[in-house]
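Heads up: the structure comes next, in structure tokens.
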Amino acid sequence: MTGPAITACGIGREGQTLVTIDDFAPTPDALREAACASRFESAHHYPGIRSTLPDAYLREQLPLITKVLRSVFGRYGPVRVLDASFSIVTTPPDALSIAQRLPHCDAYSADRIALIHYLSLTSEEGTAFFRHRATGFETVNEARRQIYAERLAAELANADPLPQAYIASDTALFERIALAKARYNRALLYPSCLLHSGAIRSISSLDPTPETGRLTITGFLSVG
């Protein structure tokens with residue numbers, strides 16, 4: 001059995017780092033079994049349901065995550081897990097809020113890193129990354145936060161209504177700069193300030209059951 005395969009690239013004009021790790025977890029099937037035995041509940045802002053992870057997951061994966069943060073991102077401080085859970089996108093397109101139909105960033109500070117770990121056997125699409133056309137922003141940090149929010153609010157007030165759909169490709173307001181394709185036991189690490197969205201086109205992928213739904217692990221890290 002080979003170990004994890006780590007690749008890194010810069011995306012967009014800003015050249016932010018996106019890391020892909022194939023064969024991320026040593027026992028992905030056991031993680032799927034744990035998810036199937038878990039109780040999922042609705043989550044605030046997230047367009048779907050979430051559940052707690054096995055205690056061993058972060059203990060086993062943090063050494064690899066820490067290695068990547070040091071060798072690729074140049075982050076040598078202590079790694080703190082702010083939040084991590086099983087996640088399944090389930091909200092149908094006609095029930096999405098405006099915020100859920102737009103790219104988003106998970107945090108504005110430079111110390112934050114996002115993790116997504118794909119555990120679906122039949123994953124479609126993956127995670128898309130975007131540039132806001134009007135500002136040219138691909139990341140939104142504290143210095144850009146108000147500028148971006150005000151410009152986007154003005155655009156939404158004057159533009160045609162947003163399509164009732166997950167954003168997966170180019171739109172009038174956003175340009176897709178990269179697509180990280182989903183694959184079983186593949187993980188992504190990227191700065192939390194990157195504008196991104198789950199790239200979801202098929203209604204069939206909104207199945208709420210862990211066995212057949214879009215099962216992932218999502219995590220948010222702070223590197224001191």
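The values are calculated or read from the model by the stated rules, or taken from the named source; none is laboratory data. Because the structure is a prediction, the values reported are computed rather than measured. No Cβ is skipped: glycine too gets one built from the backbone with ideal geometry, and neighbour counts run over all protein chains shown.
Hey, among the residues in the stretch 1-40 that are β-branched (V, I, T), more than 20 Å from L53 (Cβ to Cβ) and at pLDDT 95 or above, which one's surrounded by the fewest Cβ atoms within 10 Å (Cβ to Cβ)?
Step one: filter the stretch 1-40 for residues β-branched (V, I, T), giving 2, 6-7, 11, 17, 19-21, 27.
Now restrict to residues that are more than 20 Å from L53 (Cβ to Cβ): 2, 6-7, 11, 17, 19-20.
Next cut, at pLDDT 95 or above only: 6-7, 11, 17, 19-20.
Numbers: I6: 18, T7: 10, I11: 18, T17: 17, V19: 21, T20: 19.
The extreme case among them is T7.
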note = Note on T218: of the conditions (1) over 23 Å from P54 (Cα atoms); (2) in a strand (DSSP E or B); (3) hydroxyl-bearing (S, T, Y), unmet is (1)
query = Within the stretch 135-168, restricting attention to residues that are in contact with a strand residue (DSSP E or B) (Cβ under 8 Å, 6 or more places away or on another chain), modelled with pLDDT of 95 or more and hydroxyl-bearing (S, T, Y), which residue is nearest to L119 (Cα to Cα)?
reply = T139
query = Looking only at the stretch 107-120, which residues are surrounded by 15 or more Cβ atoms within 10 Å (Cβ to Cβ) and small (G, A, S)?
reply = A107, A114, S120
task = Only residues in the stretch 1-19 that are touching a residue at least 24 places away in the same chain (Cβ under 8 Å) count as the first member; pair them with residues that are aliphatic (A, V, I, L, M) and part of a loop (DSSP other than H, G, I, E, B), Cβ under 7 angstrom, at least 6 apart or cross-chain, and list the lot.
result = A8/V72; T17/V72; V19/V72
inquiry  = I need the full set of residues from the stretch 148-162 which are surrounded by fewer than 13 Cβ atoms within 10 Å (Cβ to Cβ) and either among the charged types (D, E, K, R) or more than 21 Å from the chain's Cα centre (by Cα) (or both), in order please.
reply    = E150, A153, A154, A157, N158, A159, D160, P161
note = When (1) assigned to a loop (DSSP other than H, G, I, E, B); (2) closer than 27 Å to A165 by Cβ are applied to L53, the one that fails is (2)
query = Given R144, R151, R176, which one is in a strand (DSSP E or B) and either within 30 Å of E211 (Cα to Cα) or among the charged types (D, E, K, R) (or both)?
reply = R176
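Given the criterion out of contact with any helix residue (DSSP H, G or I) (no Cβ under 9 Å at 6 or more places or on another chain), among the β-branched types (V, I, T) and under 20 Å from T171 (Cα atoms), identify the matching residue among T66, T139, T135. Spell out the reasoning first.
On the way: T66 fails: under 20 Å from T171 (Cα atoms); T135 fails: out of contact with any helix residue (DSSP H, G or I) (no Cβ under 9 Å at 6 or more places or on another chain).
Just one listed residue meets the conditions, T139.
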message = Among the listed residues L69, L58, identify the single one that is at pLDDT 95 or above, in contact with a strand residue (DSSP E or B) (Cβ under 7 Å, 6 or more places away or on another chain) and in a helix (DSSP H, G or I).
response = L69
query = Looking at the stretch 121-139, which of the residues that are of a type outside the set (S, T, Y) and under 15 Å from the mean Cα position of the chain (by Cα) is surrounded by the fewest Cβ atoms within 10 Å (Cβ to Cβ)?
reply = E124
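Could you grab me the full set of residues in the stretch 47-103 that are of a type in the set (D, E, K, R) and farther than 15 Å from I113 by Cα? Can you show your working first?
Pass one, the stretch 47-103, residues of a type in the set (D, E, K, R): 50, 55, 59-60, 67, 70, 75, 80, 83, 94, 101.
Selection gives R50, D55, R59, E60, D94, R101.
Which of the residues belonging to the stretch 73-97 are of a type in the set (G, A, S) and either part of a strand (DSSP E or B) or in contact with a helix residue (DSSP H, G or I) (Cβ under 6 Å, 6 or more places away or on another chain) (or both)?
First pass over the stretch 73-97, keeping only residues of a type in the set (G, A, S): 74, 77, 84-85, 87, 95, 97.
Those that are of a type in the set (G, A, S) and either part of a strand (DSSP E or B) or in contact with a helix residue (DSSP H, G or I) (Cβ under 6 Å, 6 or more places away or on another chain) (or both): A84, S85, S87.
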